[in-house]
Amino acid sequence: MSSCGNRLRRARRFACSLRSKRRSGRNRPAQPQFLKRDGIARSRQGMTYTKVHGMNTASLPADFAAFFDVWWWMPKPATSPADESDKFVGQDQIMLGVLSAVERDSQVSQRTISRELNVALGLANAYFKRCVRKGWIKIQQVPRRRYAYYLTPQGFSEKTRLATQYFSASFTFFRKARGQISELIEDCARRGAKRIAFAGVSDLAEVAMICALEFPVTVAGVVDPEQAGKHFCGTKVRATLDECGPVDAVIITHLSAPYEAYRALADAIEPDRIQVPALLRVALQQAASSEPEQQVGP
């Protein structure tokens, strides 16, 4: 009798489990269901299986992962004007800024670092944690729930390497920029130009001001609406080209927006009097690709 009773109870439990499964399947919505268990976000209908934090249940479709793989290996167009110096711009520059800030002030906050580097706070935190993970920065707790940061010997070595790379890229950019700007100013002087202007306040404009001293030309001014009223290399920055007086030629020196500077000048001066350095031509022509009817540069 006892064995028959056990079998009957097992049969009843099995029947109840079947009924509960049918009900759950009948009431289940069509959209994918995320099941959280032990920090694993799982889903159906082709979604990826991703291990996440217990509070996060987001997951990416498998099609998006394939698209990202294809996009990552696609050739990207070069949009930056300075080829050599741009090799350093990015993670190396942010890393050097973080290490320099910690060396300068052991109690510097990550918010201050993000403000000095002009990057988002989350990005500064990510690079700071990366420095800690690589053993370049050591964290020490001080009273009142504050932390002090110190550079390790490996951190000093990495900072020296990044600083050397930065100066090398800067000198390479200076040599290229000086050669190209000198050629443009020499060509302007050969054509009879006496007064030239530069469009855009930047490092390239500073190089151009130095190169102009070697030729029989006069710098009429520097045009930059965003920096108008300020002084740059002993010259007052003008908002428009008309404020510079008579101008025979203009050289584009705007690094961040050369195409916008060119378009603003094209309405005030003949296009053949606008000179564009070679290191800006790639970025400028890519920005002007949507307007093929307009000729960019001489």
Within the range 233-251, tally of residues that are buried (at least 18 other Cβ atoms within 10 Å of the Cβ) and part of a loop (DSSP other than H, G, I, E, B): 2
Search result, residues across the range 252-271 that are in a helix (DSSP H, G or I) and at pLDDT 90 or above: none
Filtered residue count, the range 195-223, keeping only those that are more than 17 Å from P277 (Cα to Cα) and of a type in the set (D, E, K, R): 2
So T218, is it surrounded by fewer than 16 Cβ atoms within 10 Å (Cβ to Cβ) and not assigned by TED's automatic domain parsing to the domain that holds A264: no
Residue within the range 176-194 that is over 20 Å from V276 (Cβ atoms), β-branched (V, I, T) and not assigned by TED's automatic domain parsing to the domain that holds C244 present: no
Failed condition for E116, given (1) surrounded by 15 or more Cβ atoms within 10 Å (Cβ to Cβ); (2) in the same structural domain as A261 (by TED's automatic domain parsing); (3) acidic (D, E): (2)
Tally of residues being closer than 19 Å to E206 by Cα and either at pLDDT below 85 or surrounded by 14 or more Cβ atoms within 10 Å (Cβ to Cβ) (or both) across the range 136-178: 12
Pair list, Cβ < 7 Å and 6+ apart or interchain, from the range 93-107 residues that are closer than 20 Å to S168 by Cβ to residues that are part of a loop (DSSP other than H, G, I, E, B): I94/V119; L99/W136
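The values are calculated or read from the model by the stated rules, or taken from the named source; none is laboratory data. Keep in mind it's a predicted model, so treat the numbers as computed, not measured. With ideal geometry, Cβ positions are generated from the backbone for all residues, glycine too; neighbour counts draw on all protein chains shown.
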